[in-house]
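To start, the structure under review is shown below, and the notes come after it.
The values are calculated or read from the model by the stated rules, or taken from the named source; none is laboratory data. This is a predicted model, so every value here is computed, not measured. Cβ placement follows ideal geometry from the backbone for every residue including glycine, while neighbour counts extend to all protein chains displayed.
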Amino acid sequence: MPQSVYIGAGISNVQDKSQLAFSVSEQGLELETKPLSLSRQYILRLPSISLADLLKATNLAPKSRLLLSYILAKAVWQFYDSMWMRQAWNKDTLHFMFEKTIDFPKAVWVNEPFLYHAFDTNIIPHEEDGQRIHQFPKILALGIMLMEIELGINIKDKRSADCIKDDGSPNINADLNTALDVFTETLQAKTGDAIVPLKKAIEVCIQPTSFDQYQDDIDAIRESLLNRVVRPIEQFYMLAWEHPDETEVKPLDLEILVGHYVNRGRFLPTTPEPRFAAPNPTNTIIAAHLSQETLTIRQSVDVLPTRQGHSPQSHGTMSAGAGLSSDDWFQYLDPLNLVLRAKPKDQDPPWRRSVIAVLDTGVSETFTDSEDWVRGYKDFATGDDDTWQDSTGHGTNAIRLIKMVYNMADIYVARVFEGREASANTHVLMAQAMQHAIHEWKADVIAMPSGFPRQHEEIRAAVDAANANHVLVFTAAANYGNVTDVAFPGRLYRDAKLFCLFSTDANARCLHSLNPSPLAGARYSFAVLGENIQLPGVQGPPLSGTSYSAVIGAALAGRILDFSRQPLARRQLRRPADLSRVEAKAMYG
């Protein structure tokens, strides 16, 4: 059964943006519904052609090869930590649409690639993942694509016998070992100074240890990609021609081959090898336009967002209704994170990551062996600290949100709820968990995305202990509008003892049906995104509630505290310790 595909046509005028609806079939991408007005003359009766088949169909000129390499490298840099790159890209997932002009009735432009990608799918771990030598498969895949474009080869055709298992399938390191062999034996043999920058960029991508020092720092990985892969290719192109974002490109006239391509299936798209579960008929495959216009590199700090690759108003974006989406909100957060993040040179001895304790329903057992996500776990509800669990998914989603806002956080999880509702002693467990987070985990921030209808002295005492130990507490207001008051301990925000978060949508609008009224006499009332949040790769309805606002607020606080410990901030901030006090952070944070 075909699956829906939406392609945003790449154009220069925002007002003329258009959208095509396609189906995925064995013929490629085919028109499904009538498109809106188009800025380019795509031939809608012809299916798309993959990069793999394009390399079979024609020999690309040096200028076209290098320009395409630049666009793909830049796209990987930009989309690296996004839902668009849950899987590594390869020549089977990059496609081109046939277009027509006055001079070329059927042609392809190499600077107009599209990516098609499946969402809402579960990636199945490979049984050999533990034997993987190259720990950055998305970067390895980029290096292989660049090498395939430059040499006009298919890396699979170059595999040696020792790359194949007894059952005929390739082993987990087959592409890596083949790429290293081809690089040494073929690419290195190509002479001429002009190709040296491209060789170095490819070598950076395929060498297993190139990015090991950035294992836990996505921002540093992206910065390294920009400086060691994207920039050299860009400068290489500029020396030979002009700036790649402003260059003129001749189309590839495939008129002679189109008949074979359509009628005989000679160049039909090859079948990728995704590690997805059986596809759900309702899953959506999105095709994103990776044109030069949509991926313009800016200065190192003012970069385009990493998640969807466009500002919400830029051309080629897919509209999901009026206003901004949660993904747009996170896009706008990315440039701030790029400025605040601790670069490798900033990670001196006085600096450290912020510790965030999450007091909620626990965490999924799939995170048990992943210290990158959760550093420690304690189950106050059952006492079984060895069995990680989350019966509702609420705590697990809270952790995902923290990592989206502050990816370097050291997260500790306290399970205080067994289900969605509090038990008779949950308030006691909550107070115990807060004391543990303060004194044992040495938390900087406590995320307590819940609340109680009445006051509990045990929790009040724990909040006082957090204040005394300079630990910031973030809790939720409530989710029933004015049917209830602000929950406890959130109502303590009136006394500047903690942060009580109200909820907004991505447009910074508060819904009265969700938020209670702020407390009279409170000096500050804070609100942040908490409505209609769609987590990348997570199935189910969007997340909504002040509990998620509390989590995002806690993550933002952790990020700011991290920044305050960096060398430049330490020199500039007169009293950085004040950021760990609620009142000071409310006034200046």
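Suppose we filter segment 436-457 for residues that are part of a helix (DSSP H, G or I) and surrounded by 16 or more Cβ atoms within 10 Å (Cβ to Cβ); how many remain?
Residues meeting the conditions: 3.
Could you identify the single residue in 515, 507 that is buried (at least 18 other Cβ atoms within 10 Å of the Cβ), part of a loop (DSSP other than H, G, I, E, B), assigned by TED's automatic domain parsing to the domain that holds residue 548 and out of contact with any Asp or Glu (no Cβ under 8 Å at 6 or more places or on another chain)?
515
Can you say whether residue 366 is free of Cβ contacts under 8 Å to residues at least 12 places away in the same chain, of a type in the set (Ser, Thr, Tyr) and assigned to a helix (DSSP H, G or I), as far as the supplied structure shows?
Judged against the criteria, residue 366 is a match.
What is the residue count in segment 411-422 for residues that are in a loop (DSSP other than H, G, I, E, B) and touching a residue at least 12 places away in the same chain (Cβ under 8 Å)?
6
Taking residue 210, is it in a loop (DSSP other than H, G, I, E, B), buried (at least 17 other Cβ atoms within 10 Å of the Cβ) and not hydrophobic (A, V, I, L, M, F, W, C)?
Against the criterion (in a loop (DSSP other than H, G, I, E, B), buried (at least 17 other Cβ atoms within 10 Å of the Cβ) and not hydrophobic (A, V, I, L, M, F, W, C)), residue 210 qualifies.
Please count how many residues of segment 43-91 are modelled with pLDDT under 90, of a type in the set (S, T, N, Q) and over 28 Å from the mean Cα position of the chain (by Cα).
Residues meeting the conditions: 2.
Give segment 471-496 a look and list any residue that's modelled with pLDDT under 95, in a loop (DSSP other than H, G, I, E, B) and under 23 Å from residue 435 (Cβ atoms), or say none.
Of everything in segment 471-496, those that are modelled with pLDDT under 95, in a loop (DSSP other than H, G, I, E, B) and under 23 Å from residue 435 (Cβ atoms) turn out to be 487, 496.
Which pairs do you get when a residue that is among the polar types (S, T, N, Q), found in segment 223-249, comes within reach of a residue that is surrounded by 13 or more Cβ atoms within 10 Å (Cβ to Cβ), reach meaning Cβ atoms under 7 angstrom, with the pair 6+ apart or on two chains?
That search, which allows pairs on different chains as well, returns 224/211; 224/214; 235/197; 247/67; 247/241.
Give segment 151-176 a look and list any residue that's surrounded by 13 or more Cβ atoms within 10 Å (Cβ to Cβ) and without any contact (Cβ under 8 Å) to a residue 24 or more places away in the chain, or say none.
156, 159, 163, 164, 170, 174
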